[in-house]
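Please read the structure below before turning to the comments.
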Amino acid sequence: MKNEKRHKKINFKMPSAFTILFFLIVVMALFTWFIPAGKYAVDGSGNIIAGTYEQVTANHQGLWDVFMAPIIGMIGNKETTGAIQISLFILVIGGFLGVVNKTGTLDDGIRSIVNHYKGKEKRLIVILIVIFSLGGSTYGMGEETMAFFPLLIPIMIGVGYDSLVAVAIILLSTRIGDLASTVNPFSTGVASSMIGISPGYGLFSRVILLVIVTGIEIWFVLRYAEKIKNDPSKSLLYDQKEDDIKRFSVNTRTEQPTSLSTRQKTVLFIFFLTFFIMIVGLIPWKSINSDWTFFENFNSWLTSNPILGTIFSNSMTPLGSWYFNEITLLFIFMSVVVMFVSKMKETDFINSFVSGMSDLLSVAIIVAVARGIQVIMNNGMITGTILHSGETILSGLPKPIFAVLAFIFFALLSFLIPSSSGLAAATMGIMGSLAVFSSVEGSVVVSAYQAATGLITAITPTSAILMGSLAISHVDLNIWYKWVWKLIVILFIVVCVFLVSVSMI
């Protein structure tokens, strides 16, 4: 009997991401029956005004609302922005990869990378972690990284690691970068503007924090990678190793590399050019430096030209101002370019594109279901009440205590509002006023806020970035928690020490 119980315990399987997220939607709906509804007055820009909280008539969320939440999470309403842009982008990424895979270019290219980095895998990990960390710190790289997982996972498995290492390199690095955002307009920029300070305030200290936390992540990931390299059975994904090899076509991608044909080299160039254009398009150059207006000037010249403006459209968006609509268009366009360059038949192109989309369909839907949690909170009008509790607790505290408690408060709210810009819009107006009462610099509050969003979006099931990344990588949430919890504790302590230090300067 004891052996039977032990066997059942060992074979316990974590519910799927869909089940976890729907359960959280139900829990949040129950909260709307117990947490008083409330709201704050807002100014002309929609920013919350501190000290204006008032209770309002409750809007309890029932069964209809629970089942409607994922739907609204996809399409949106006046209270909550829908996830349709992110979901469509994920599907198009799948289509683009399907078309590129049809040419065989990625298979041969990945085989070359794997063989090139044999014996130098650690160097590859360090380089990639630094790149993704800088992306998260400078322009808030997040959901758009979904495109990198199908590319990097076979490489990591091929050189003797597992897909968990790939998730750490991409997902965790962008969250680390977001934790120590330097010029990220979606966190540093929005939060700073909400309290009326320049995004440059506190920049030097945040650069130091970025170096520290990125170094800690590199140590943590390399330590795990080296352990499973020496003994594959120590991998937390060892039980699904064979499935992952088949799932990500690792065997076919790690044999002796064959020389790429001229056509394949062209497709590979287009592949990397696409990602380069995406990154350049997403970085807010003018927000980083007001003199960096090259792309805006070029776009104005192009669209105002009578001939070129008519051919390309006079409503084009300049690089540096792109978001999901523009990068989705980019991947669709580049898919067509690959079709012509590789001389692919129209039927093969359509079949490959649709097949690639279907591979990421579940990921696209998970993003919408995760957004449904915010829908319940906003419709149930409990976000304001939660904010008010923080306003009551934090007012008038000593500077170091205020800084740490503000970080904890932001962290708790980040579980419920995983959007960095959304959390800033909801809280910074209040927190900025409270900081004045405690004589805390506004830049310290900004640092506490973005450290919380970066840290918590790496672990909360309400984060579309996290759940989408794990779904596409076939890593269970409980496995992720088992692997990352020690690092989260270390980073939490480091951030607290950092905030105490900068608040006392």
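The values are calculated or read from the model by the stated rules, or taken from the named source; none is laboratory data. The structure presented is a predicted model; accordingly, all values stated were derived computationally and were not measured. So basically every Cβ, Gly included, is an ideal-geometry build from the backbone, and we count neighbours across all protein chains shown.
Rundown of residues vs (1) crowded, with 17+ Cβ neighbours inside 10 Å; (2) of a type outside the set (D, E, K, R); (3) at pLDDT 80 or above, yes/no style:
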{"site": "231", "(1), (2), (3)": "no, no, yes"}
{"site": "240", "(1), (2), (3)": "yes, yes, yes"}
{"site": "243", "(1), (2), (3)": "no, no, yes"}
{"site": "256", "(1), (2), (3)": "no, yes, no"}
{"site": "263", "(1), (2), (3)": "no, no, yes"}
{"site": "268", "(1), (2), (3)": "yes, yes, yes"}
{"site": "274", "(1), (2), (3)": "yes, yes, yes"}
{"site": "278", "(1), (2), (3)": "yes, yes, no"}
{"site": "291", "(1), (2), (3)": "no, no, no"}
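Looking only at the stretch 201-224, count how many residues are over 24 Å from residue 468 (Cβ atoms), modelled with pLDDT of 95 or more and of a type in the set (Phe, Trp, Tyr). The total comes to 1. Consider the stretch 296-325 and keep the residues that are in a helix (DSSP H, G or I) and in contact with a helix residue (DSSP H, G or I) (Cβ under 6 Å, 6 or more places away or on another chain). The one that is farthest from residue 284 (Cα to Cα) is 308. Checked against (1) surrounded by fewer than 24 Cβ atoms within 10 Å (Cβ to Cβ); (2) more than 21 Å from residue 141 (Cα to Cα), residue 503 passes all but condition (1).
When 181, 187, 198 are checked against the criterion of being surrounded by 23 or more Cβ atoms within 10 Å (Cβ to Cβ), of a type in the set (Ser, Thr, Tyr), modelled with pLDDT under 80 and within 30 Å of residue 321 (Cβ to Cβ), a single residue qualifies: 187. Of all the listed residues (416, 387), the sole one being at pLDDT below 80 and farther than 18 Å from residue 178 by Cβ is 387.
Could you please find all residues in the stretch 209-245 being without any contact (Cβ under 8 Å) to a residue 60 or more places away in the chain and under 23 Å from the mean Cα position of the chain (by Cα)? Correct list: 211, 215, 219. Kindly check whether there is at least one residue in the stretch 309-328 that is more than 26 Å from the chain's Cα centre (by Cα), among the β-branched types (Val, Ile, Thr), farther than 19 Å from residue 141 by Cα and surrounded by 14 or more Cβ atoms within 10 Å (Cβ to Cβ). No: zero hits. Residues in the stretch 137-148 that are closer than 23 Å to residue 203 by Cα and at pLDDT below 85: 138, 139, 140, 141, 142. Counting the residues of the stretch 24-50 that are at pLDDT below 85, surrounded by 14 or more Cβ atoms within 10 Å (Cβ to Cβ), out of contact with any strand residue (DSSP E or B) (no Cβ under 8 Å at 6 or more places or on another chain) and not in a helix (DSSP H, G or I) gives 2.
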